[in-house]
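The values are calculated or read from the model by the stated rules, or taken from the named source; none is laboratory data. It should be emphasised that the depicted structure is a prediction, and the values quoted were computed from it without experimental measurement. All Cβ positions, even for glycine, are placed from backbone atoms using ideal geometry, and neighbour counts span all protein chains on display. Ligands, DNA and RNA are stripped out before the accessible areas are found, and what is left, the full protein with its side chains, is counted by its heavy atoms. Shrake-Rupley method; radii C 1.70, N 1.55, O 1.52, S 1.80 Å.
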Amino acid sequence: MISNQESLNLSPYAAIYNIVVPKNNMLRQINELVDFSFILEELKTKYCLDNGRNAIPPIRMFKYLLLKSIYDLSDVDIVERSQYDMSFKYFLDMA
């Protein structure tokens, strides 16, 4: 099930990304330049809107694949690095 609305990231610590992730960071630039909403439009008919478990946001899954190809890391390494690397967290819209 995919949610009807994207949830807002309302963490009180979200402003720390402006301090920790520099403006010239590649992932920050990609995130600001690319509109990833095309993924939701493409997959809208593939998910049920009212039945089943909540899905991991498709945009985040696409960004995981993008990180995997950019940094040449395994699935496990990408998930592990996204737990502590602030640029990865920023790129993945994680609180």
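Table for the structure above
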quantity	calculated
Loop-located chymotrypsin sites (Phe, Trp or Tyr not before Pro) in region 57-95, at most 11 other Cβ atoms within 10 Å (DSSP)	84
Surface accessible to a 1.4 Å probe, residue 35 within the full protein complex, Å²	110 Å²
Distance (nanometres) between label positions extended 7 Å along Cα→Cβ at residue 38 and residue 13	3.4 nm
Filtered chymotrypsin sites (Phe, Trp or Tyr not before Pro), region 12-55: DSSP coil and at most 16 other beta carbons within 10 Å	13, 36, 47
Cleavage-rule hits, trypsin sites (Lys or Arg not before Pro), region 18-61, DSSP coil, Cβ neighbours within 10 Å at most 10	23, 53
Protein-only accessible surface order, largest first, of 21, 34, 76 at 1.4 Å	76, 34, 21
Of (i) 14, 44, 35, 8, 0; (ii) 17, 52, 26, 5, 0; (iii) 13, 32, 31, 18, 6, 0, the label for P(r) over Cα pairs in 10 Å bins from 0, in percent derived from the coordinates	(i)
Apportionment of accessible area to carbon and sulfur, region 44-92, percent (1.4 Å)	54 percent
HN-Hα J in Hz across region 55-71 - Karplus 6.51, -1.76, 1.60, θ = phi - 60°, x for Gly and Pro	8, 5, x, x, 5, 5, 5, 5, 5, 4, 5, 5, 4, 4, 6, 5, 9
Assigned charges on the beta-carbon of Lys, Arg, Asp, Glu; the chain dipole about Cα centre (debye)	80 debye
